[in-house]
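Below is one structure; the comments refer to it alone.
Values quoted throughout were computed directly from the atomic coordinates according to the rules given, and no laboratory measurement underlies them. Just so it is clear, the model here is predicted, and its values are computed rather than measured. Ideal geometry is used to build each Cβ from the backbone, glycine not excepted, and the neighbour counts take in all protein chains shown.
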Amino acid sequence: MSLGSDTISLPLRAGWRVRCADWIERGASSRVLSGSIVMLLGSVLVASINFGFNVSMARLLGPALFAQVAAMVTLLMLLSSVSLSFQMVCAKFVARNATLRGQLTVFRNLRRTAWIVGIAIALALTIAQRPVAEYLRMPDPRLLAVFALGMAFYTPLGVKRGNMQGLCAFGALSRNFILEATSKLAIAIVLVELGYGVMGAVGAISASIVAAMLIAGPKASIAVDDERDEVIPASFREGMQAIVFFVGQVIINNIDIILVKHFFTAELAGLYAAVALVGRVLYFAAWSIVSAMFPISAAAKDDENKHVLFLPLLIVLLMSLAFIAVLALFPGFIIHLVLGEGFRSAEPLLSLYAAATGLYALAVVLMTYEMSRKIANTGWLQLLFSGALVFLIYRFHSSLRQVIVVQIALMALMLLLVSLPFLLSIGRLRWKESI
């Protein structure tokens with residue numbers, strides 16, 4: 001997709017243009033499963049490359065300097081709430097529009113707004129670079145200016161990815177993520193080895209976002225000449241719902257690293273960042289399943305709903321249990337293999353952090369499913385829990401273990417609350433069947 005193009009960038013070869021509407025004849029379970037497999041395989045590769053980026057930076061820079069890189073990555077994740085909101089809204093309404101004209105209209109309108117928002121975020125970061133750097137104990141505020149360059153492209157990138165997701169072009173979407181991760185790793189290693197240190201690592205993050213935005217696959221031009229085609233535009237309420245959801249999500253996923261960086265020494269913050277790095281592998285794998293479920297659920301008929309939800313929930317549950325078990329049984333081996341002996345003291349925290357991540361991942365499956373069908377209130381519930389998380393970590397942070405235990409308790413409670421509507425509906429259904 002070029003910056004000024006009036007076509008939808010369909011990174012698909014001519015002759016096999018794939019859209020969610022074309023999958024209607026297939027069962028909901030098979031559609032979710034096939035999309036989940038593609039996204040999961042892509043996610044595994046992306047997670048491996050991102051893991052390689054973090055491990056390379058940890059080994060090349062050491063715990064103290066790696067804590068600065070981890071803080072910037074966490075800031076990226078916090079700001080991703082805006083990009084992901086545009087992606088979710090674009091995916092939902094591209095999937096709901098059965099006509100090519102409707103899909104193009106949604107894409108064009110959201111892309112225009114995304115550029116305005118992205119540039120505003122970049123300017124705000126540049127202006128606030130000194131106070132933000134002081135809070136994060138970063139000696140060089142120029143890191144924020146370099147980081148801001150990438151943020152100007154990050155929100156439009158969300159629209160681009162949302163278009164692919166809404167068209168169920170999961171292969172193209174995976175390749176875009178792979179491109180971003182690969183370019184980040186390669187550029188970071190080169191710049192750090194050349195002596196640019198943390199600045200080189202942060203510059204690589206921005207450069208990879210620009211690359212993912214500018215480099216696209218083959219395009220398919222879509223003529224818009226039939227004014228009778230029905231268009232379902234993206235609504236303001238849907239956009240606000242997505243923003244509320246992703247603000248809560250990125251706070252829950254990342255604020256602990258920011259607060260640990262603030263409260264603890266650089267060495268301990270680096271250890272915690274390494275633990276979070278391992279835990280995020282599980283969350284990104286779970287999110288790949290959610291990404292496949294979301295557009296299919298948005299376009300599915302009411303009688304297919306239960307099939308769309310059950311399979312992703314089961315996959316994420318099994319992944320979480322397996323991940324926690326591996327980290328609990330072999331923490332020393334994983335630390336030695338991945339991060340090196342300098343991070344040995346982080347071993348007891350690995351399975352605990354994975355447990356908190358698994359609980360949250362299950363809650364996210366339920367929340368995003370509900371959002372794909374209607375305007376949901378679970379986003380506000382999540383936002384409330386994200387605020388509670390900040391408050392409790394401020395209150396209880398005597399050790400890294402205590403910070404993680406706070407997260408486990410809150411995520412378990414949130415999972416219970418978001419599960420209640422589904423459990424009650426199942427109970428009512430069984431009661432009706434029994435009478």
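Residue by residue through the range 394-409, what is 3J(HN,Hα) from phi via Karplus (6.51 cos²θ - 1.76 cosθ + 1.60, θ = phi - 60°)? Round to whole Hz and write x for glycine and proline.
Ordered by residue, 3J(HN,Hα) equals 4, 7, 10, 8, 5, 8, 5, 4, 5, 4, 6, 4, 4, 5, 4, 4 Hz.
Please compute the length gained on full extension between Ser399 and Arg130, using 0.36 nm multiplied by the number of residues separating them and subtracting their Cα-Cα distance.
Taking Ser399 through Arg130 to full extension adds about 94.0 nm, to one decimal.
Let me understand the range 111-158 better: what is its radius of gyration from the alpha carbons, and its Dmax, in angstrom?
In Å, with Rg to one decimal and Dmax whole: 11.5, 36.
Mind giving me the FRET efficiency for Thr265 and Phe310? R0 is 35 Å, r the Cβ-Cβ distance, nearest 0.05 is fine. Please list the in-between numbers first.
Details: r = 46 Å, r/R0 = 1.31.
FRET efficiency, Thr265 to Phe310: 0.15.
Can you compute 3J(HN,Hα) from phi for each residue in the range 128-141, using the Karplus curve 6.51 cos²θ - 1.76 cosθ + 1.60 with θ = phi - 60°, rounded to whole Hz and x for Gly and Pro?
Once θ is set to phi - 60°, the couplings for the range 128-141 become 9, 4, 5, x, 5, 5, 5, 5, 8, 6, 9, x, 10, x Hz.
Short version: ³J(HN,Hα) in whole Hz for each residue of the range 81-87, in order, from phi by Karplus 6.51 cos²θ - 1.76 cosθ + 1.60 (θ = phi - 60°), x for Gly and Pro, what are they?
For the range 81-87, the Karplus-derived couplings read 4, 6, 4, 5, 5, 5, 5 Hz, x marking Gly and Pro.
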